[in-house]
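The values are calculated or read from the model by the stated rules, or taken from the named source; none is laboratory data. Note that the structure is a prediction, hence the values are computed from the model and not measured. Here the Cβ positions follow ideal geometry from the backbone for every residue, glycine too, while neighbour counts run over all protein chains shown. Heavy atoms of the whole protein, side chains included, go into the accessibility calculation; ligands, DNA and RNA do not. Shrake-Rupley method; radii C 1.70, N 1.55, O 1.52, S 1.80 Å.
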Amino acid sequence: MAWYLSRDTLWHATFAHRLLDGRSVGFAESHSCCQRLLSRMLPCKLWALVPLALLVVTGGPPSANSQVLPGSGSVVDAIGDILDPVESVLDPVVDVVAGLAPIPGALLGAVAPYTALLNPLLQSALLQNNITQFSSDIVTNLSALVALVADAALPVPPYLRPDQEAPKFGFVGEAYNVTTSDGYILGVFRVRNGTCASYRSVVVIPPGILSNAASFIYIKENSLVYRLARECNDVWLFTFRGYTFGRGHTSLSDTSSEFWDFYAYHWGVYDLPAQIEFVYRKTNSTRMRYFGVDQSGTALLFMNHVHGQRYQRFLAGTYLLAPIGYLGRLNSAVFDTMSVLRDGLTAAGALTLHNELAFMNPAIHSVLYNLCGRISPKTCYYVFQILGGNTREINYPYFPYSFSNLLDSTSITGFNYFLQQVGRIKYMKYYDYGPAENLRRYNRTTPEDVNIAATTVPCNFYALGSDSVTVPQDVLDTWNALAPPARASYQVLEKYNGVSPFVPVDSEGLYGPMIRKLNADLARGA
């Protein structure tokens, strides 16, 4: 029996502590803590206070469909009023930084394909033995204990579950578990309009990068899921292994490196087929509509490359925001830097958290939620704008709601898979483990190409014009690589970046083109 505590046990202990303690600590107390912290920081040099100034800035660009959410108290408003002059200076500065970010990013991206220097060492027995499991167990338990203490002072709300949230907005929610052929247990959620006599279509929505099955309900009644359900579509939300609702397995623990040995190939070859077959058994539909963002496209391309028409025959059309096939022109300075240092990321992941990129680690999740959802959503708005591209289409007033789930965990291998593509134009292959490990896994020293032309189901691609990660030219190149019958439509939505699909300000401008195309396809029986 393993000596470490499971993640579920620690979370249950956390929630039990809240229940027995019988108290809820609000913003005022957390603000008092911040004041004590500030008093200790006063001897610091003035430039060191710049991040603190970012931390407490509130307000921001106009939000067309945003609203004030519970948890933003009068203290926050008062701080915002005091710091209005700071904000007026800060906004243009962030615009400039976001505008300049692609310049060093492009330079780093050019050298990224040639920087896998440590890969042979990292694939050796050094990172595949009990030492890494032992060190990761220590980090996992220490971070869980830290999270228990942090949660007592600044509680993190439970995850948003689509089946439980749907009734709050007048819809019927259902939850199921689906087990893949290799043992991963995935949560599948159904959202329907109970007043509909029949359903026009069955829509399936897999998650995007660092997101999960709740990702398209973050802006409440204007969310993509509820808009589709409102128009009498039968909506199914999928899960990929590793994400929230996908951390179960028939024999592996999510505190083992074996559990986290996956990337987009496994989402497409195992996770999608199992869930598509499940929906077919429930609905008898062979005309499903596939909606999604970024890695939903990657998983689809892998599924079709490996399985051909076996599962495409269940799909009548796809509607994808910034789908990732090719990713060579990525020009975000931060992500390009990570692509150069990806072997270091692999080593850190193996030695600390079982190869998990652990945003949902209890301690990390607590920090992210309290920073982005309670203390200063505006700070994370700035960060997302710099990371993903300069845009006003990030509806940060919803962060207190959405950061219950955002950001999610994935595997280091899964994240590195995309980083391996940086700087390689029109490049989509299997994961490159290095010559020796490739030979063991693939019986060849180089990874196999992914045949994008194997996808023949009609595809509607929507590039995000302000995104510096999935840039429009890469999306267009991927669309052009599809089989001719699959090239249904391609459109650039200029003002959005990669974060916008989850929390857009102008939801009609983002979701409207996809829904109108769906309606047109249904009207002509396509």
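Compared with the direct C-alpha span, the chain from Asp261 to Ala483 gains 76.8 nm at full extension, assuming 0.36 nm per residue.
With 25 Å as the limit on Cα-Cα distance, the pairs of Lys495/Lys517; Lys220/Lys495; Lys426/Lys517 that go past it are Lys426/Lys517. Summarising the amide proton neighbourhood of Tyr326: residues at separation of 5 or more, or on other chains, whose placed amide H is nearer than 5 Å comprise Thr478. Legend: calculated FRET efficiency, Thr283 to Leu252, from the Cβ-Cβ distance at R0 = 41 Å, rounded to 0.05, equals 0.85. Sorting Met288, Met338 by accessible area puts them as Met338, Met288; the probe is 1.4 Å, largest comes first, and only protein heavy atoms count.
Net length available on complete extension from Ala436 to Ile185 is 87.2 nm, with 0.36 nm assigned per residue and the Cα-Cα distance removed.
Once all protein chains are placed together, Arg161 keeps about 70 Å² accessible to a 1.4 angstrom probe. Backbone geometry of segment 186-193 corresponds, through the Karplus equation with coefficients 6.51, -1.76 and 1.60 at θ = phi - 60°, to 3J(HN,Hα) couplings of 10, x, 10, 10, 10, 10, 9, 8 Hz, x marking Gly and Pro. Protein-only accessible surface at a 1.4 angstrom probe places the residues Lys429, Lys168, Lys378, Lys282 in the order Lys168, Lys282, Lys429, Lys378, largest first. Accessible area ranking (1.4 Å probe, heavy atoms, ligands and nucleic acids excluded), largest first, for His365, His305: His305, His365. Of the whole protein surface, Phe461 contributes about 10 Å² of accessible area at a 1.4 Å probe radius. Amide H contacts of Ser201 (H built 1.01 Å from N, in plane; Pro and chain starts excluded): Asp234 sit under 5 Å, all sequence-distant by 5 or more or on other chains. Rounded to whole numbers, the Karplus 3J(HN,Hα) couplings from phi for segment 301-307 are 5, 5, 4, 6, 4, 7, 9 Hz, using 6.51 cos²θ - 1.76 cosθ + 1.60 with θ = phi - 60°, and x at Gly and Pro. In this structure the amide hydrogen of Leu357, modeled in the peptide plane, comes within under 5 Å of the amide hydrogens of Thr410, Ser411, Ile412, none closer than 5 places in sequence on its chain.
The stretch between Cys232 and His307 holds 23.9 nm of extra length on full extension. This uses 0.36 nm per residue minus the Cα-Cα distance. Residue-wise HN-Hα couplings along segment 441-453, as the Karplus relation 6.51 cos²θ - 1.76 cosθ + 1.60 with θ = phi - 60° gives them from phi, are 7, 10, 6, 7, 7, 10, x, 6, 5, 8, 7, 5, 5 Hz; Gly and Pro carry x. Label positions at Thr445 and Val149, each projected 7 Å from the Cα along the C-beta direction, are separated by 5.1 nm. Global dimensions of segment 145-209 from alpha-carbon coordinates: Rg and Dmax equal 16.7, 51 Å.
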